[in-house]
Amino acid sequence: MNLVKRTGLFVAFTFLVLSCSKPGETVETSEAQEVAEAEGATLTVDPATSKINWTGYKPTGKHFGYIPAVSGEVIVKGNELTGAKFVFDITGLKIQDMEETNEFYGKLWGHLQSPDFFDAANHPQAVFEVTGVEPFGVAAIQDLTQFPSANTPQKDSEIAPANPTHWISGNLTMRGTTKNIKFPAAVTITDGKVSAKAGFNIDRTAWGLSYGDESAAVDKAKDQFIYNTVSVGFEITTN
C-alpha cells in the first residue's frame, strides 16, 4: 500500500475514533423540547413506590426529603423505554431531616410552599415528560464547580446511579415554567415491569425558585445565601 493510501486510511480512522468517543457528559438544562408520540405498551406508575427525592443546601446546613408521585405512565417497546410522564404532588412534599412534630418543620414546609419557592397555591403539581432516551455509553459524568463551604452540594458524579444505562432528556414543569433537563439514569425492564433511578443537580432559579439566590449574595463569606443547586433523585416503578 502506498503512502498516500495509508495516510488517507489513518486520517479516516482517527476521525472515526474522535467522532465516536466522548470525554464526558454533563447534566444539562435547556429550553423545553417537543414531546414526540411514543410507541409501545403503556405501563402505569405505582404511586406508592415512586417519588422525587430532593436535597437543598446552604453553607450552614442542608434539608432533604421527597415529593410523592400521584400518577404517571411509562411506555416501552420490547425492552426499550420510548416515553414516560410523571405527575408529582408539591403539596405532599415531605421533609426528612426533622420530625413533623418539630416546630421548625411547619415553618420550613410553609416556606417551601410559599411564593418564595414552589408557590404551591397556584402550582400544586410538578410534571416530568420524557423527550429523549440515549444509551449511556462509557463517558464519565462531568461535574460543575461549586462555591466551597461546610455543605457544598454533592457532585453530579456522586449522586448519579452506580451503573447508569441511559441518558434521559425530558421537560420538567414547576411553578408554571417548563425546562428540558438531561441526566443519567439506571433503567431496568423485567417481566413487563419498569424500575428507574436517577440522581442529578438542577439550578432551582431556572424554574423561578429564587429565594436567597446564590448569585445575588454580596459577600458569600457571610453565608447569607442558599445554594442555587438542588440535588434531585427520581425513583420510579410501574405496577
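Take segment 40-55 and flag every residue that is over 24 Å from Gly78 (Cβ atoms) and open to solvent by 20 Å² or more (accessible area, probe 1.4 Å).
Pro47, Ala48, Lys51, Asn53, Trp54, Thr55
Looking only at segment 86-105, which residues are in a loop (DSSP other than H, G, I, E, B) and over 23 Å from Val130 (Cα atoms)?
Scanning segment 86-105 gives Gln96, Asp97, Met98, Glu99, Glu100, Thr101, Asn102.
So how many residues does segment 144-164 have that are closer than 22 Å to Ala198 by Cα, in a loop (DSSP other than H, G, I, E, B) and open to solvent by less than 60 Å² (accessible area, probe 1.4 Å)?
So the answer is 7.
It is to be established whether one or more residues within segment 201-216 are among the hydrophobic types (A, V, I, L, M, F, W, C), part of a strand (DSSP E or B) and touching a Gly at 6+ places or on another chain (Cβ under 9 Å).
No, every residue in segment 201-216 fails to be among the hydrophobic types (A, V, I, L, M, F, W, C), part of a strand (DSSP E or B) and touching a Gly at 6+ places or on another chain (Cβ under 9 Å).
When segment 187-229 is examined, which residues are found to be of a type in the set (Gly, Ala, Ser), open to solvent by 40 Å² or more (accessible area, probe 1.4 Å) and either touching a Phe, Trp or Tyr at 6+ places or on another chain (Cβ under 9 Å) or within 23 Å of Asp119 (Cα to Cα) (or both)?
Ser210, Ser215, Ala216
Would segment 17-34 turn up any residue that is of a type in the set (Val, Ile, Thr), modelled with pLDDT of 95 or more and out of contact with any Lys or Arg (no Cβ under 7 Å at 6 or more places or on another chain)?
Checked against the condition, which is being of a type in the set (Val, Ile, Thr), modelled with pLDDT of 95 or more and out of contact with any Lys or Arg (no Cβ under 7 Å at 6 or more places or on another chain), segment 17-34 yields no hits at all.
Out of segment 116-136, which residues are open to solvent by less than 90 Å² (accessible area, probe 1.4 Å) and either polar (S, T, N, Q) or over 28 Å from Ala36 (Cβ atoms) (or both)?
Listed by number, the residues that qualify are Asp116, Phe117, Phe118, Asp119, Ala120, Thr131.
The values are calculated or read from the model by the stated rules, or taken from the named source; none is laboratory data. This structure is a prediction, so every number in the text was calculated from the model and none was measured. Heads up, the Cβs are rebuilt from the backbone with ideal geometry, glycines too, and the neighbour counts pull from every protein chain shown. Ligands, DNA and RNA are excluded from the accessible area calculation, which covers all protein heavy atoms including side chains. Shrake-Rupley method; radii C 1.70, N 1.55, O 1.52, S 1.80 Å.
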